[in-house]
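Let me begin by presenting the structure, written as structure tokens, before commenting on it.
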Amino acid sequence: MTQFTHQCGTKIVFGQGVKGLGREAAAFGRRALVCYGGGSAKRNGILGAVCSELAEAGVAALLFEGVEPNPRVTTVERGAALCKKEGVEVVIAIGGGSVMDCAKMIAAATMSEGSVWELVTRRAPIRAALPVLTVVTIAATGSEMDAGAVITNWETHEKYGIFDDRLLPRVSFLEPRFTYTVPPFQTACGAADILSHVFDKYYFTLNEKLAFTDGVMEALMRAVVRFAPVAMREPENYEARANLMWAASWALNGYLSPRGGATSCHAMEHELSAYYDITHGLGLAILMPKWLRYCCDGLRAPQIKQFGVNVFGLEASVSDMDGAFAAIEALERFLYDALGLARTLTEAGIGEEHFKEMAKNAARGGGIEGFRHLGAEDVEAIYRMCL
Ligand code: NZQ
Ligand code: ZN
């Protein structure tokens, strides 16, 4: 993959490290909050590189360390309080979806006087947000190129995703080399998440087909299937890391959405993370094949079969139903054999004790729309298939 700069809503600086980050930040202000997670950004030198860029451009950096995976609303509150106290003008995230989402909500909460949880749950509107820049360190959520943020309230076991244009990062730095240190398990979880964004949100729908974007989605999913195991085996394989990184950004940046769609597996997964703090991609990997099995009937089998033929190269000259089940088995082999992820909730240490309330929450507001309408009872049945 060559170096390039691409702009469409979010300006993307690809394969160029953090070159130019200071200048980009200085265009928004002279005081930056630099958010990062549990230490990987510090260990692998990205934090240092960002701070040097900021210093050269005359931007003061205030460090905000320790954003946790599945970021908590309390962390957003702490960050926003610091921004208000210190007069921060721009927020910079170094990390994965957790740090980027937390930074986005800090940016919004800094410009608001009310409760942060009210903003997250959309009971209070976001009226403004500080500009956000991101430096991506793991290929997974696509938060670097979308207007979403997902925040958890650990006290109430609620995890909410909010989409608002004001949260869209202004500039995102995508350097595949920054992901060389991502361990195999996180690489696998990221790959499952990328796949699920295309698969869950856009590909599996009964809406009218669009050959062009269907083809792009299939190519994107083929790239994930091909390169995720390579990146796990050879962490410093640039081609593999670059493909995963750009696929992650494309999977959720809106370009693939002309057919509409829902996020059935995501609605079910967010309950798992809200109750058990499970890694997002792992929860999705457990759910995806079971959800497809639950959905598979005469109406939906042709689309599932098409997935198997065009993504996994399966035989096309079989019945729709046989092709659909072969596709689900191929997906299982990819997630559980090639990526080595847990096949069941039981393996992930999760039992059935909260299924009823989790199912009710996932189906709140009349159920989950999408490939197949799911009410609370359907969701509970799918959770049981995951045991
Ligand atoms: O905290 P550090 O030390 O940085 O370690 C992180 C973390 O433990 C580690 N990591 C990241 N880059 C690394 C690295 N380790 C070594 N080398 C590197 N270069 O990876 C771990 C996971 O990081 P996290 O940010 O939690 O992962 P991910 O990007 O998968 O983000 C998950 C969060 O994003 C939300 C999820 O629900 C979850 O809260 N999502 C956000 C979306 C959005 N904004 O559009 C959509 C998604 O569907 C998703 O819901
Ligand atoms: Zn996701």
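Return yes when A149 is closer than 25 Å to A327 by Cα, surrounded by 23 or more Cβ atoms within 10 Å (Cβ to Cβ), outside the structural domain of V309 (by TED's automatic domain parsing) and within 14 Å of ligand 2 (Cβ to nearest atom) and no when it is not. I'd like the intermediate steps shown before the answer.
Details: closer than 25 Å to A327 by Cα: no; surrounded by 23 or more Cβ atoms within 10 Å (Cβ to Cβ): yes; outside the structural domain of V309 (by TED's automatic domain parsing): yes; within 14 Å of ligand 2 (Cβ to nearest atom): yes.
Considered against the rule, which asks whether it is closer than 25 Å to A327 by Cα, surrounded by 23 or more Cβ atoms within 10 Å (Cβ to Cβ), outside the structural domain of V309 (by TED's automatic domain parsing) and within 14 Å of ligand 2 (Cβ to nearest atom), A149 comes out as no.
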Filtering region 212-237 down to residues that are within 16 Å of ligand 2 (Cβ to nearest atom) and open to solvent by less than 10 Å² (accessible area, probe 1.4 Å) yields M217, M221, V224, A228
Being open to solvent by 10 Å² or more (accessible area, probe 1.4 Å), within 16 Å of ligand 2 (Cβ to nearest atom) and outside any helix (DSSP H, G or I) narrows K209, K159 down to just K159
Review point. Would it be correct to say that P258 is open to solvent by 40 Å² or more (accessible area, probe 1.4 Å), at pLDDT below 95 and more than 16 Å from ligand 1 (Cβ to nearest atom)?
Key: yes
Review point. Within the bounds of region 280-291, is there any residue that is without any contact (Cβ under 8 Å) to a residue 60 or more places away in the chain and either open to solvent by 30 Å² or more (accessible area, probe 1.4 Å) or away from ligand 1 (no atom under 13 Å from the Cβ) (or both)?
Key: yes
Heads up, the helices (runs of 4 or more DSSP H) in region 237-346 (entirely inside) with at least 2 residues that are closer than 23 Å to N70 by Cα are 238-251, 264-276, 280-295
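In contact (Cβ under 8 Å) with a residue 40 or more places away in the chain and near ligand 1 (Cβ under 9 Å from one of its atoms) - does that describe any residue in region 153-160? Can you show your working first?
In the first step, residues of region 153-160 are kept if they are in contact (Cβ under 8 Å) with a residue 40 or more places away in the chain; the result is 153-154, 157-160.
If we keep only those that are near ligand 1 (Cβ under 9 Å from one of its atoms) too, we end up with 159.
Yes, region 153-160 contains a residue that is in contact (Cβ under 8 Å) with a residue 40 or more places away in the chain and near ligand 1 (Cβ under 9 Å from one of its atoms).
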Per the filter on region 108-135, residues open to solvent by less than 10 Å² (accessible area, probe 1.4 Å) and closer than 16 Å to F64 by Cβ are A108, A109, V132, L133, T134, V135
Per the list (1) hydroxyl-bearing (S, T, Y); (2) farther than 30 Å from V230 by Cα; (3) in the same structural domain as G340 (by TED's automatic domain parsing), residue check on T156 breaks on (3)
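Does S317 satisfy the condition of being open to solvent by 10 Å² or more (accessible area, probe 1.4 Å), within 16 Å of ligand 1 (Cβ to nearest atom) and out of contact with any Pro (no Cβ under 7 Å at 6 or more places or on another chain)? Even if it seems obvious, please write down each step before you answer.
Numbers: open to solvent by 10 Å² or more (accessible area, probe 1.4 Å): yes; within 16 Å of ligand 1 (Cβ to nearest atom): no; out of contact with any Pro (no Cβ under 7 Å at 6 or more places or on another chain): yes.
It is false that S317 is open to solvent by 10 Å² or more (accessible area, probe 1.4 Å), within 16 Å of ligand 1 (Cβ to nearest atom) and out of contact with any Pro (no Cβ under 7 Å at 6 or more places or on another chain).
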* Would you call L167 within 10 Å of ligand 1 (Cβ to nearest atom), open to solvent by less than 10 Å² (accessible area, probe 1.4 Å) and under 18 Å from the mean Cα position of the chain (by Cα)? -> yes
Condition set away from ligand 1 (no atom under 12 Å from the Cβ) and among the hydroxyl-bearing types (S, T, Y), scope region 173-223, selection farthest from C8 (Cα to Cα): answer is T205
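Condition first: part of a loop (DSSP other than H, G, I, E, B) and within 10 Å of ligand 1 (Cβ to nearest atom). Can you find one or more residues in region 126-137 that meet it?
Taking region 126-137 first, the residues part of a loop (DSSP other than H, G, I, E, B) are 126-131, 137.
Now restrict to residues that are within 10 Å of ligand 1 (Cβ to nearest atom): 137.
Within region 126-137, one or more residues are part of a loop (DSSP other than H, G, I, E, B) and within 10 Å of ligand 1 (Cβ to nearest atom).
Scan region 130-138 and tell me whether some residue there is modelled with pLDDT under 95 and either within 14 Å of ligand 2 (Cβ to nearest atom) or assigned by TED's automatic domain parsing to the domain that holds L220 (or both). Give the derivation first.
Pass one, region 130-138, residues modelled with pLDDT under 95: none.
No - not one qualifying residue is present in region 130-138.
What are the residues in region 32-54 that are closer than 17 Å to V90 by Cα, touching a residue at least 40 places away in the same chain (Cβ under 8 Å) and out of contact with any Leu (no Cβ under 7 Å at 6 or more places or on another chain), if any?
C35, L47
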Only unsatisfied item for M105, checking (1) within 19 Å of the chain's Cα centre (by Cα); (2) under 21 Å from E175 (Cα atoms); (3) buried (at least 20 other Cβ atoms within 10 Å of the Cβ), is (2)
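Name every residue in region 47-98 that is within 16 Å of ligand 2 (Cβ to nearest atom) and open to solvent by less than 40 Å² (accessible area, probe 1.4 Å), in order of residue number.
Narrowing region 47-98 to residues within 16 Å of ligand 2 (Cβ to nearest atom): 69-71, 95-98.
Of everything in region 47-98, those that are within 16 Å of ligand 2 (Cβ to nearest atom) and open to solvent by less than 40 Å² (accessible area, probe 1.4 Å) turn out to be N70, P71, G95, G96, G97, S98.
Out of curiosity, is I138 touching a Pro at 6+ places or on another chain (Cβ under 7 Å), more than 22 Å from F28 (Cβ to Cβ) and crowded, with 24+ Cβ neighbours inside 10 Å?
Values: touching a Pro at 6+ places or on another chain (Cβ under 7 Å): no; more than 22 Å from F28 (Cβ to Cβ): yes; crowded, with 24+ Cβ neighbours inside 10 Å: yes.
So I138 fails the test.
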Quick count over region 29-46, residues being surrounded by 18 or more Cβ atoms within 10 Å (Cβ to Cβ) and more than 16 Å from ligand 1 (Cβ to nearest atom), is 2
Residue hits (region 359-387; in contact with a Phe, Trp or Tyr (Cβ under 6 Å, 6 or more places away or on another chain) and either open to solvent by 60 Å² or more (accessible area, probe 1.4 Å) or aliphatic (A, V, I, L, M) (or both)) are I382
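The values are calculated or read from the model by the stated rules, or taken from the named source; none is laboratory data. Note that this is a predicted model, so its numbers are computed, not measured. No Cβ is skipped: glycine too gets one built from the backbone with ideal geometry, and neighbour counts run over all protein chains shown. SASA here: full protein model, heavy atoms, side chains in, ligands and nucleic acids out. Shrake-Rupley method; radii C 1.70, N 1.55, O 1.52, S 1.80 Å.
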